[in-house]
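Below is one structure, written out as structure tokens; comments come after it.
The values are calculated or read from the model by the stated rules, or taken from the named source; none is laboratory data. The shown structure was predicted, so the numbers you read here are calculated from the model rather than taken from an experiment. Counting neighbours? That spans all protein chains shown, and the Cβs are built from the backbone with ideal geometry, glycine included.
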2 protein chains.
Amino acid sequence: MKEGPDISQTAALVGDPARANMLVALMDGRALTASELSAAAGITQQTASSHLARLEAGRFVIVRKQGRHKYFALTEPAGELLEGLFRFSAETQQKRLLGPKDPALRKARICYDHMAGDYGVQMFENLKARRFICEDGDAVDVTPSGENWLEGLGIDIGGLRKLRRPLCRSCLDWSERRSHLAGALGASLLDLLLDKGYARRMPESRVIAFTSTGERRFAELFGV
Amino acid sequence: MKEGPDISQTAALVGDPARANMLVALMDGRALTASELSAAAGITQQTASSHLARLEAGRFVIVRKQGRHKYFALTEPAGELLEGLFRFSAETQQKRLLGPKDPALRKARICYDHMAGDYGVQMFENLKARRFICEDGDAVDVTPSGENWLEGLGIDIGGLRKLRRPLCRSCLDWSERRSHLAGALGASLLDLLLDKGYARRMPESRVIAFTSTGERRFAELFGV
DNA sequence: GGAATGCTTCGATTAATATCGAACCATGAA
DNA sequence: TTCATGGTTCGATATTAATCGAAGCATTCC
């Protein structure tokens, strides 16, 4: 019914987390390739391709072809719009943009649907050290022994493998500057911690607060 | 995944057409009830209720309860954000809006319940030039002589003033980049044109099509 | 000429959510 | 009281669109 430009269409483009992640990745002004952007968003190339086509159609990005690469860069108006979105979101979600100053946030916090912060990194490195997961370049996978161990915790690796979503993914932790575990397994591990009552989400925040027994159990499971 | 405020969540709130329509309806600064907003968005009350709860949680609107009504108003940051979205969308969708694709739409179209486009702007400016309405900042009102003239057309200004809805409101026309007349009077004038058979709505479109006699009458009434 | 890399298209599946009907609650009016 | 109105909650449905696997194009490297 309304007149004027269709703002809902515009907003919907940013409203998808995958696209938003790609846009944020472009916010430093550099031009990135489609592959780099798909990695930044944690999606496959073919999914990213379709997203990027829509972002281009919506004039969020401009494309430059160079050899067999395609470089995407934010347009000027898109940058301004994203700034505005950050400003609004920072106000309404009262989160600081320049990194978690709150020690609780640095310790353990939600990153989309898995755990980030010190504990997230610790868990990831512990799993790697015990060879329950192995990292090969960008790819991360669960080893047979890891599958055993995780199923002992009640995580159905076979079931998770059937999902469209990648089982394992490494995610650069903003506060720790090291990677933590994302993907279906990352989400499942967080669910496990919450389900068992070892930790709980604090309302109106991304902080994950551990109980005292939760701290102990976490140290037993993933401690150095 | 990156840290900082979650802009995709924010954008997703505006990304739904129903919610966007409600937000746009609130952009003139008035507070509207849930029912009015559901009508503006063309959805049922129960659907609107759930949308409005989410908009409130996202700090897009603030609520004031008054009797059995609930009045919703845009927050200041939300207004700024929507402005930015309009600006971006106007720039990027300019081709579609200003292109010769659909001249009929640019000539005269429905804007919720009143007329926008070239004819809408023309009517508004004609009424102002003849001092039938006067504009004082944001406020628009009918003058005594305007009241006389409009009642001669069969529009009951006294009755319209009793409505809770503002009698006159100016609405920025996105194709003309000038204002046209909204509010109860704007709606009544459109009704008049349709009732008299001067024009009719085209199905499945916002286009208002004038008959040949309607064109003539419109020029007599509001021509330069 | 292959072979490898970067990206796209197509089809199918799945997860998310917008939507409405019906019932319900709260307030104000008769 | 009873009725009417405005708003919410719940459950079920349906549509959207995000996603991936597989296959295909295009370019560059060997």
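At-a-glance table
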quantity: Residue that is farthest from B:R68 (Cα to Cα) [pool: residues in the range B:3-33 that are crowded, with 20+ Cβ neighbours inside 10 Å and more than 7 Å from chain A (Cβ to nearest Cβ)]; calculated: B:L13
quantity: Subset of the range B:54-71 (residues that are over 21 Å from B:P5 (Cβ atoms) and modelled with pLDDT of 95 or more); calculated: none
quantity: Complete set of residues in the range A:60-79 that are of a type in the set (A, V, I, L, M, F, W, C) and farther than 17 Å from A:A20 by Cα; calculated: A:V63
quantity: Any hit, the range B:23-44, residues being more than 20 Å from A:A12 (Cα to Cα), at pLDDT below 80, outside the structural domain of B:A209 (by TED's automatic domain parsing) and assigned to a loop (DSSP other than H, G, I, E, B); calculated: yes
quantity: Members of the range A:50-70 found to be outside any strand (DSSP E or B), more than 13 Å from DNA strand D (Cβ to nearest atom) and within 15 Å of A:T33 (Cβ to Cβ), listed by number; calculated: A:E56
quantity: Sole residue being within 12 Å of DNA strand C (Cβ to nearest atom) and more than 22 Å from A:A20 (Cβ to Cβ), chosen from B:A18, B:A34, B:A12, B:A39; calculated: B:A39
quantity: Those residues of the range B:58-85 which are in contact with a strand residue (DSSP E or B) (Cβ under 9 Å, 6 or more places away or on another chain), under 30 Å from B:R106 (Cα atoms) and of a type outside the set (G, A, S), in sequence order; calculated: B:L74, B:L82
quantity: Number of the condition not met by A:A48 [criteria: (1) under 18 Å from the mean Cα position of the chain (by Cα); (2) within 14 Å of another protein chain (Cβ to nearest Cβ); (3) within 22 Å of B:G15 (Cα to Cα)]; calculated: (2)
quantity: Test for A:L13: is it part of a helix (DSSP H, G or I), touching a Lys or Arg at 6+ places or on another chain (Cβ under 8 Å) and touching a residue at least 40 places away in the same chain (Cβ under 8 Å); calculated: yes
quantity: Residue in the range A:77-88 that is at pLDDT 90 or above, within 16 Å of DNA strand D (Cβ to nearest atom) and either under 16 Å from B:V14 (Cβ atoms) or under 16 Å from the mean Cα position of the chain (by Cα) (or both) present; calculated: no
quantity: Tally of residues being near DNA strand C (Cβ under 8 Å from one of its atoms), surrounded by 12 or more Cβ atoms within 10 Å (Cβ to Cβ) and not polar (S, T, N, Q) across the range B:43-77; calculated: 4
